[in-house]
Amino acid sequence: MSSNIFGWVPILSVVAIQLLVRSVSSQNVTNDYLHHQCNNTQRIYKPGSTYEKNLNQVIRNISHVHLRYGYTYSSNVEAYEVSKDPNIVFVLLQCRGDSYGSKCHSCLHTALSGLRERCPGKRGAIIWYDQCVLEISTVNTDGRIRYDSFFNMTNQKNVSSDPDRFKNKRRDLFHKLLLGATKDRSESNDSYAVGETRIGKNKMYAMVQCALHLTPNGCHVCLEWITGTYVRFYFDHRQGGRVLGRSCSLRYELYPFLRR
């Protein structure tokens with residue numbers, strides 16, 4: 001379900017070469033820029049405008065939040081469900097499950113700078129980094145799955161032996177993680193699950209995550225959609241890949257890529 005409301009940046013597919021690191025000990029947790037979408041339907045704001053002042057105020061407010069779960073969905077008005085303010089601002093920040101607190105704050109400032117550089121003056125825009133996704137918007141999408149914001153990145157290397165066994169192991173691992181991420185929210189404050197499985201001499205490492213504004217059922221729907229739409233049809237026998245969206249994401253590799 002692609003959308004043509006965004007700028008020239010491709011929405012559904014971004015292919016990148018992910019170089020395999022020689023050893024686990026040499027790996028670094030990165031925060032590279034991955035992708036962005038500039039929304040062309042929410043108009044432009046001018047420097048010093050009410051919208052910009054509201055945006056800056058929301059960012060300042062987020063900067064004083066602990067972000068212990070690496071997530072916030074904030075606005076410049078409290079009753080935004082019924083507000084008709086044309087300058088209302090909604091900001092979603094979802095950090096990766098291993099990037100909370102100060103690490104999430106750091107990613108926020110990196111993402112905000114990147115968003116202003118790549119989508120200058122846009123009232124609606126999304127940007128992804130390794131460790132977080134940041135969205136600004138004039139539209140309240142709290143609790144909704146955004147099907148128009150997904151893209152995928154794949155490792156260009158194929159599995160060299162027993163590809164069908166590899167695919168089955170990947171399917172089983174993602175199924176296990178989906179169940180872990182969508183369990184009763186009373187048991188956990190996040191929708192994030194990680195795991196690994198051995199495939200011959202190698203290990204596959206994987207993660208899934210949903211934005212915390214989704215209910216467990218919404219998270220389940222989102223993750224099922226991206227595993228069925230992307231993993232099945234785009235990743236095939238690839239050694240690694242990821243799907244990123246505003247609402248949920250997943251990744252798998254044959255090397256560790258998360259903080260322990």
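The values are calculated or read from the model by the stated rules, or taken from the named source; none is laboratory data. Computed from a predicted model, the values in this text were never measured in an experiment. Here the Cβ is made from the backbone with ideal geometry for all residues, glycine too, and neighbour counts use every protein chain on show.
Numerical summary
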{"item": "Among the candidates 232, 251, residue that is closer than 23 Å to residue 147 by Cα, of a type in the set (Lys, Arg) and buried (at least 20 other Cβ atoms within 10 Å of the Cβ)", "result": "251"}
{"item": "Single residue of 164, 172, 148 found to be free of Cβ contacts under 8 Å to residues at least 24 places away in the same chain and either buried (at least 17 other Cβ atoms within 10 Å of the Cβ) or assigned to a helix (DSSP H, G or I) (or both)", "result": "164"}
{"item": "Hey, residue 75 closer than 23 Å to residue 50 by Cα, polar (S, T, N, Q) and out of contact with any Pro (no Cβ under 6 Å at 6 or more places or on another chain) or not", "result": "yes"}
{"item": "Qualifying residue in segment 119-141 (condition: among the basic types (Lys, Arg), touching a residue at least 24 places away in the same chain (Cβ under 8 Å), outside the structural domain of residue 193 (by TED's automatic domain parsing) and under 26 Å from residue 49 (Cα atoms))", "result": "yes"}
{"item": "Flag for residue 173 being among the hydrophobic types (A, V, I, L, M, F, W, C) and either within 18 Å of residue 253 (Cβ to Cβ) or assigned by TED's automatic domain parsing to the domain that holds residue 228 (or both)", "result": "yes"}
{"item": "Hits in segment 223-248 (condition: in contact with a strand residue (DSSP E or B) (Cβ under 6 Å, 6 or more places away or on another chain) and without any contact (Cβ under 8 Å) to a residue 60 or more places away in the chain)", "result": "223"}
{"item": "Number of the condition not met by residue 85 [criteria: (1) at pLDDT below 95; (2) among the acidic types (Asp, Glu); (3) part of a strand (DSSP E or B)]", "result": "(3)"}
{"item": "Residue 108 in a helix (DSSP H, G or I) and touching a helix residue (DSSP H, G or I) at 6+ places or on another chain (Cβ under 7 Å)", "result": "yes"}
{"item": "Qualifying residues in segment 203-225 (those that are more than 14 Å from the chain's Cα centre (by Cα) and of a type in the set (Gly, Ala, Ser)) - the one farthest from residue 259 (Cα to Cα)", "result": "218"}
